[in-house]
Number of protein chains: 2
Amino acid sequence: MDIKQYVTEKGKQAKAAARGLANVSTEIKNNALVKMAAGLEKAASQLIAENKKDLKAGAEQGLSNAMLDRLELTPERITAMADGLREVAALPDPVGEVLKMWRRPNGMEVGKVRVPIGLIGIIYESRPNVTADSAALCLKSGNAVLLRGGSEAVHSNTAIADILSKAGAEAGVPEGAVTFIENPDRACVMEMLKLSQYVDIVIPRGGEGLIRMVTENATMPVIKHDKGLCHTYVDNDADLTMAKEICMNAKVQRPGTCNAMETMLVHKGLAPTFLPDMIAAFRKAGVEIRGCPTTRAIVSSVKEATGADWDTEYDDLILNVKVVKDIDDAMEHIAAHGSQHSEAIVTKDYGKAMRFQREVDAAAVFVNVSTRLSDGYEFGLGAEIGISTTRIHARGPMGLEELTSTKFIVLGNGQIRT
Amino acid sequence: MDIKQYVTEKGKQAKAAARGLANVSTEIKNNALVKMAAGLEKAASQLIAENKKDLKAGAEQGLSNAMLDRLELTPERITAMADGLREVAALPDPVGEVLKMWRRPNGMEVGKVRVPIGLIGIIYESRPNVTADSAALCLKSGNAVLLRGGSEAVHSNTAIADILSKAGAEAGVPEGAVTFIENPDRACVMEMLKLSQYVDIVIPRGGEGLIRMVTENATMPVIKHDKGLCHTYVDNDADLTMAKEICMNAKVQRPGTCNAMETMLVHKGLAPTFLPDMIAAFRKAGVEIRGCPTTRAIVSSVKEATGADWDTEYDDLILNVKVVKDIDDAMEHIAAHGSQHSEAIVTKDYGKAMRFQREVDAAAVFVNVSTRLSDGYEFGLGAEIGISTTRIHARGPMGLEELTSTKFIVLGNGQIRT
């Protein structure tokens, strides 16, 4: 069978499952998730054996230690994967929620009801837990999923997907609801992106190169989880202790994440008192500071920030510092250099808090909160399939609700159009 | 300037306007819409003169009379266009609505707020009123719009867009908020579809060919308004008078629309009493009937429906009739042949009404209501930019709300991640 035919068959099979899955009860879906969790735990030694094949091939191909680490399955990681499935089982089912319902002058009732989207394509790299994690969120929200993992994890992913499929079928979930493309040929991805008749939306989970490739070639809507170049603006009306804690947390708590702060903006009236202490604290935490001329005039040892620095997502212990004239100047900088991901202000002033919250264009806007809290779990969504930076109806951290669409239901007693 | 550069400049200019527009007050937007309406009415004779150029060129190129009719601007149509703008001004502004807000255990408040999507691309054919109509809906929902009309209407569209832009700027709307691509070169469309860095979503408004071309080439999410192959299932527990009225309305009130009925499904227990009268009534209304073998056994003069008929959107006074065993058989047929647009059941049975409403997969599902009511105005959305058949977060009739995205706002007092 050629690649096109192979991938098309997979898509068709998954789409067929989607139809049945939309009407599967919450009980069956939860049961399937619990069985999947047990299946993974029971097959731990088999999973680890399959994973060893990937690790061996990866080492031979010269993957970095960081990549090999992400690829590795340990008993602890398998338990964590299973726990993740059980957590999703415990979440409320988003399907069937009536978002609103109203009566029209002609007496008919029109309602908007949450329904699954249909078939969701997920294209991801390295970490095999994404297989279980994505499948669980799609299943719980009533969607079938077509999974395509990185070729470096093909043995691990195939084994995981196989266990999930079998456990799902046992619980009464339609076959094909979790469909995995196990052929490692890269041409499969291109074929998958052409399947707009089956795949309703596609979510790439990986680096910039993967996201660009998917965006350029997909024939269906893409929900991207793009870069995060986040700012914190410390206003002259800030509580300084709070500002220091928030900025420190936003930079150092986990600098490699997309919601970490890359640039700190400080009001000019505050800079002389705030910056020396703050910069000293950052340095103590191992952070390299790159500053604007005013910052350097206050703390002379600070390195100069070049033009490109303001547009760089370091994902590392490096921070740009810029002194700004006022909140407008801060928001101008954010609009020019931010990635519309997560942006924060620290202030005690009500008016400035309201303006920032209203005027800043980002998936999540924070007042007196660390940008590190930009996360589905922290927001209370119960789960997260990613943080959408696509300007579509789902934006920011995406939980189960963001994996649903709606349909209109209209209940009448003989209404016709005149 | 080459085409690529020309279109890119247009996109850049419109995207720049989008940022400012997101924070423009409702008052300014409404003012702009009212000024636009007045501008169109004032320039009626100029618009008609420009339109004459299009009509002349169209006649020379051999456009059909139906197409020339769609293209024509009359004083009445210009007034209707202006009235449409004033109606949009009178609708509530969707931007800023807090959809929900909740408190997290750490004390921070997380809210989801409606915001504009950004820059919306609209690619359309023939009718020049789409220019004013689309611009109004995008403007009211705080979005900039990049318009690309059919080359056959280029003079009319350019003149309309020009009036809208000037009136908008006068009212304080950022320049570029309504940007029109006036170069009739078809290559402009392809370049527009590559502008994913500026255009956030694209909505094609036109025939199947246009929709396919846009879907295949767009690098941003496409919201399609695809074909409608709609069914009405007349259950054995139907009120027969109501069933007759609903079916008649769904077929003949305006057969050329996407929400008209193409196939009537009738329960076998009802067929012998219902079909003879119903078919006679349809024929009196000029409807050609194509039936399944059972239908033809009941009304022998009915023509045989071939395989392809069940999958054809006639948009005409032709109707397929099929006798089904029960509701399951009806829903099977709908799943196999429907276009997930609008589907109806006529029944007095509560259980069957609930099952149909829940299990049928379509953008709009009707109980005891004609599918012709599948429409943004009829639903009370106040406006309609189209009926989305894309399985995305906006599905079915799309009004102003469906032209918005959301952002998270997080209000705290020093929360950090631990």
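A few notes on this one:
- Folded to 0 to 90 degrees: helix B:327-337 orientation relative to chain B principal axis, Cα: 50
- Simple Cβ-charge dipole of the protein assembly as shown, Lys/Arg +1 and Asp/Glu -1, about Cα centre, in debye nearest 20: 520
- Distances between placed amide hydrogens fall under 5 Å for B:Ser388 paired with B:Gly396, B:Met398, all partners being 5 or more residues away or on another chain.
- Count Lys and Arg as plus one, Asp and Glu as minus one, and take only other residues whose Cβ is under 12 Å from that of B:Ala364; the net charge is then 0.
- Between the stretch B:92-160 and the stretch A:184-223, the Cα center-to-center distance that results, in Å: 26
- Over all orientations, the stretch B:208-295 has a Cα convex hull whose mean projected area works out to 7.6 square nanometres.
- Dipole of the stretch B:230-378 computed with +1 at Lys/Arg Cβ and -1 at Asp/Glu Cβ about the Cα centre; of B:Asn236, B:Gly256, B:His333, farthest Cα towards the positive end is B:Asn236.
- Net charge of Cβ neighbours under 15 Å - reference A:Pro293; Lys, Arg +1; Asp, Glu -1: +3
- GNM result for chain A, Cα springs below 10 Å: residue of A:Leu40, A:Leu193, A:Leu381 fluctuating most strongly: A:Leu381
- Vicinal HN-Hα couplings computed from phi for the stretch B:133-138 (Karplus, 6.51 cos²θ - 1.76 cosθ + 1.60; Hz; Gly/Pro x): 4, 5, 4, 5, 5, 5
- In this structure, A:Thr273 and B:Asn413 have a Cβ-Cβ separation that, at R0 = 30 Å, corresponds to a calculated FRET efficiency of about 0.90.
- Counted over chain B, the DSSP beta bridges are approximately 30% antiparallel.
- Label-to-label distance for A:Ala335 and A:Met354 is 2.0 nm, based on points extended 7 Å past Cα in the beta-carbon direction.
- Degrees, to the nearest 10: B:44-60 long Cα axis against longest axis of chain B: 60
- As a calculated quantity, the FRET efficiency between A:Asp328 and B:Arg254 at R0 = 41 Å, using C-beta atoms, amounts to about 0.20.
- 10 Å beta-carbon shell around B:Gly207, net charge (K/R +1, D/E -1): +1
- Cα gyration tensor shape of the stretch B:230-378, rounded if a/c is under 1.5, else prolate or oblate by comparing a/b with b/c: rounded
- Of the residues A:Gln340, A:Gln61, A:Gln357, the one that moves most in a GNM of chain A with alpha-carbon contacts below 10 Å is A:Gln61.
- For chain A, calculated [θ]222 nm from helices alone, where every DSSP H run of n ≥ 4 adds -39500 (n - 2.57): -13500 deg cm²/dmol
- Charge dipole of the stretch B:274-418 about the Cα centre (unit charges at C-beta), most positive-ward option of B:Gly382, B:Ala285, B:Val321: B:Gly382
- Pairs of Cα atoms in chain B fall into 20 Å distance bins, from 0 up to the last occupied one, in shares of 24, 47, 26, 2 percent.
- Alpha carbon convex hull of the stretch B:320-408, volume per residue in cubic angstrom: 128
- Crossing angle, helix B:208-217 versus chain B [Cα axis fit, 0-90 degrees, rounded to tens]: 50
- Separation in nanometres of the label points that stand 7 Å from Cα toward Cβ, at A:Lys53 and B:Ile28: 6.2
- Bins of 5 Å, starting at 0 and running to the largest distance - Cα pair percent for the stretch A:12-135: 2, 9, 14, 15, 16, 13, 10, 8, 5, 3, 2, 2, 1, 1, 0
- Average projection area in nm² (convex hull over Cα atoms of the stretch A:81-225, one quarter of hull surface): 10.6
- Between B:Ala44, B:Ala364, B:Ala336, the Gaussian network model of chain B with springs among Cα atoms under 10 angstrom shows the greatest mean-square fluctuation at B:Ala336.
- Check: chain A dipole with +1 on Lys, Arg Cβ and -1 on Asp, Glu Cβ, in debye: 960
- Three-way shape call for the stretch B:1-68 based on the alpha-carbon gyration tensor, with the a/c threshold at 1.5: oblate
- Volume of the convex hull of the stretch A:266-345 (Cα atoms only), normalised per residue: 96 Å³.
- The protein assembly as shown shape via C-alpha gyration tensor axes, a/c threshold 1.5: oblate
- Ellipsoid fit via the Cα gyration tensor, the stretch B:336-376: semi-axes of 17, 13, 8 Å, each the root of five times an eigenvalue, largest first.
The numbers here are math on the coordinates, done by the rules we state, and not lab data. The structure presented is a predicted model; accordingly, all values stated were derived computationally and were not measured. Quick reminder, even Gly has a Cβ in these numbers, built from the backbone with ideal geometry, and neighbours come from all protein chains shown.
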